[in-house]
Amino acid sequence: MAEVFLFHHAQGLTPGVTAFADALRGEGHTVHTPDLYDGHIFDTLDAGLAYAEKTGFDELLERGVRAVADSPAELVHIGFSLGVLPAQKLAQTRAGARGAVFVHSCAPSSAFGGWPSQLPVRVHAMEEDRLFTDEGDADAARALVDEAPDAVLHLYPGDLHLFADNSLSSYDAEAAALLLDRTLTFLRSLDSDHRDA
């Protein structure tokens, strides 16, 4: 079983993010969901991004780093959209990470010093999500797949951004179920030598 840190998206630690974490817990994994927003939840993505900009992305990254400070090294880092930033920074810079899952977003690995060669990573997004395709995330994800020995980019039909959060109007039940299944398969694979999730 894995110990996971799941970082929320720009609208905050919503019930949908918690529900996804609970689904992982239901399979026996230990899942932490740090609240980088100090309890603030936003009805729209624009409002959440405005709060993130006001708080400062560097500060949010540091809150993510502080959240794992007292945890073991052997973690799996999962991020949803904005939460990919702390998840990716920790995966790339905190020694001992077991794996990483980036949902809706991906930053260039060069932002955090290059990808660790032994670290498996999975990236998930909708193929026509303009926040993924037009902001450089898709290019970063493809570059990461080329760079990392164990990396997979999963693209889902559709154009929704936060499709995995069942508390938002952008929720897509079919895609979210497949994401959950693939994530659980990936977590199981970390306990074996067979990685195809």
* Failed condition for E135, given (1) under 11 Å from S105 (Cβ atoms); (2) of a type in the set (D, E, K, R); (3) in contact with a Phe, Trp or Tyr (Cβ under 9 Å, 6 or more places away or on another chain) -> (3)
* Structure fact -> Of the residues in segment 100-115 that are assigned to a loop (DSSP other than H, G, I, E, B) and at pLDDT 95 or above, the one that is most open to solvent (accessible area, probe 1.4 Å) is P108
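Would you point out the residue of segment 14-30, among those that are open to solvent by less than 60 Å² (accessible area, probe 1.4 Å) and more than 13 Å from the chain's Cα centre (by Cα), that is farthest from L131 (Cα to Cα)?
Checked segment 14-30; the qualifying residue farthest from L131 (Cα to Cα) is G28.
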* In segment 13-35, residue nearest to L184 (Cα to Cα) [restricted to those that are in contact (Cβ under 8 Å) with a residue 40 or more places away in the chain and touching an Asp or Glu at 6+ places or on another chain (Cβ under 9 Å)] -> H29
* Structure fact -> Of the residues in segment 59-91 that are more than 30 Å from L168 (Cα to Cα) and of a type outside the set (G, A, S), the one that is most open to solvent (accessible area, probe 1.4 Å) is D70
* Verdict on A97 being part of a loop (DSSP other than H, G, I, E, B), of a type outside the set (K, R), farther than 18 Å from Q11 by Cβ and modelled with pLDDT of 95 or more -> yes
* Structure fact -> Checked pairs for segment 57-75, first within 10 Å of L36 (Cβ to Cβ), second part of a helix (DSSP H, G or I) and of a type in the set (D, E, K, R), C-beta under 9 Å and 6 or more apart or across chains, list as L61/K89; G64/K89
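The values are calculated or read from the model by the stated rules, or taken from the named source; none is laboratory data. These numbers were taken from a predicted model, which means no experiment stands behind them. Cβ coordinates were reconstructed from backbone atoms using ideal geometry, including for glycine residues, and neighbour counts include every protein chain displayed. SASA here: full protein model, heavy atoms, side chains in, ligands and nucleic acids out. Shrake-Rupley method; radii C 1.70, N 1.55, O 1.52, S 1.80 Å.
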